[in-house]
Structures are given as C-alpha cells and as structure tokens.
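See below for the structure under consideration.
The values are calculated or read from the model by the stated rules, or taken from the named source; none is laboratory data. In this text the structure is predicted, and so the values were computed from the model without any measurement. Quick reminder, even Gly has a Cβ in these numbers, built from the backbone with ideal geometry, and neighbours come from all protein chains shown. Heavy atoms of the whole protein, side chains included, go into the accessibility calculation; ligands, DNA and RNA do not. Shrake-Rupley method; radii C 1.70, N 1.55, O 1.52, S 1.80 Å.
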Amino acid sequence: GFKSLNLEWLDKYNLTESHDLMVLDDPKGTILDKGGFIWLAMDDKEIIGSAALVKEQEGEFELAKMAVKSAYRGRGISKLLIETCLQKAKEIGAKKLSLFSNHQLLTALKLYEKYGFYYVEVEHSPFVTADIKMELVL
C-alpha cells in the first residue's frame, strides 16, 4: 500500500525517518484530516504510485510522498501524479508549493525542475536527511 510503496525508495537511499513513519502510519490524520490530499496510482488492484499535498498554511502546500514502484518507473506515472497535484493546487487557489528532497534523488529533482520548481534555502525541514528544498509559486 501507500506505506510500503514509500518505504521502498526511502529505505533504498537510507532516508527513512520518524517523521516519514508518523505520516505513513496515519495518512488520514496527518494529511487528509488537515486539509490535504493523497492520490494513488493503481494497476489492477495494486498501488503502484502515490503523491500527496500536505497543507502547511492557508494557500501553501507541501508536495510529499511522491513515489512510483520501481517496476513501473519510466512509464509517465510520476508525470501524471505531479500534474494531478499541480492541477488540484491551482483549483483550490494555492499560491505556493514546496517540497523537501535529497541530492541522491536525481530523477525526481529533474522532474521537479521541469515543472518549474526552483531551489531555495533549506529551512524548517521536518527531515534530517532533506538537504534540498524547492518551491513553486502558482
């Protein structure tokens, strides 16, 4: 499910932290109940991709938990997920999106750059391993 899909890549790069586990153990309480959104990409009955918008404050959301199962990468699923997030953010009148990442995740960083995210100073990160922060003004 949502948790194992995200732990697959987090564990691969040794990036799993208590904050990740808190969110993955209770996505309803930590994301949905606070005004955020989660999307899951499905293949038959299997979850193969995920993305979330986590509400930070009015008009500002964090793009989080973007993941695609390794066997399904390179098929445009991450593109579909990020475009869905961007469309929803615009629909609800969000002004800014931010995300935290790690320098090892080159494919993801290229994807974010392609959609107009730019690098900013890493501040107020809930993650020890997040050495990259990006933003997008909508």
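Overview of values
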item	result
Number of the exception - Ile92 against (1) in contact (Cβ under 8 Å) with a residue 24 or more places away in the chain; (2) of a type in the set (A, V, I, L, M); (3) open to solvent by 20 Å² or more (accessible area, probe 1.4 Å)	(1)
Only one of Lys28, Lys12 that is of a type in the set (Lys, Arg) and closer than 28 Å to Lys90 by Cα	Lys28
Matching residues, segment 90-136, being in contact with a strand residue (DSSP E or B) (Cβ under 7 Å, 6 or more places away or on another chain), of a type in the set (Lys, Arg) and not in a loop (DSSP other than H, G, I, E, B)	Lys96, Lys133
Positions within segment 69-86 being open to solvent by 20 Å² or more (accessible area, probe 1.4 Å) and in contact with a strand residue (DSSP E or B) (Cβ under 6 Å, 6 or more places away or on another chain), in sequence order	Lys69, Tyr72, Ile77, Ser78, Thr84
When residues of segment 124-138 are limited to those that are touching a residue at least 24 places away in the same chain (Cβ under 8 Å) and under 23 Å from Gly93 (Cβ atoms), the one surrounded by the fewest Cβ atoms within 10 Å (Cβ to Cβ)	Val137
Filter result for Phe100 (open to solvent by less than 20 Å² (accessible area, probe 1.4 Å) and not small (Gly, Ala, Ser))	no
Odd one out for Asn14, checked against (1) outside any strand (DSSP E or B); (2) of a type in the set (S, T, N, Q); (3) open to solvent by less than 20 Å² (accessible area, probe 1.4 Å)	(3)
Condition met for Gly35 (open to solvent by less than 70 Å² (accessible area, probe 1.4 Å), under 21 Å from Phe2 (Cβ atoms), without any contact (Cβ under 8 Å) to a residue 12 or more places away in the chain and not hydrophobic (A, V, I, L, M, F, W, C))	no
Members of segment 90-114 that are farther than 27 Å from Leu21 by Cβ and in contact with a Lys or Arg (Cβ under 9 Å, 6 or more places away or on another chain)	Lys114
Which listed residue, of Leu21, Leu63, Leu53, Leu5, is open to solvent by less than 70 Å² (accessible area, probe 1.4 Å), free of Cβ contacts under 8 Å to residues at least 24 places away in the same chain and either assigned to a helix (DSSP H, G or I) or within 20 Å of Leu111 (Cβ to Cβ) (or both)	Leu21
Enumeration of residues in segment 105-116 that are surrounded by 15 or more Cβ atoms within 10 Å (Cβ to Cβ) and under 16 Å from Ala130 (Cα atoms)	Leu105, Ala108, Leu109, Tyr112
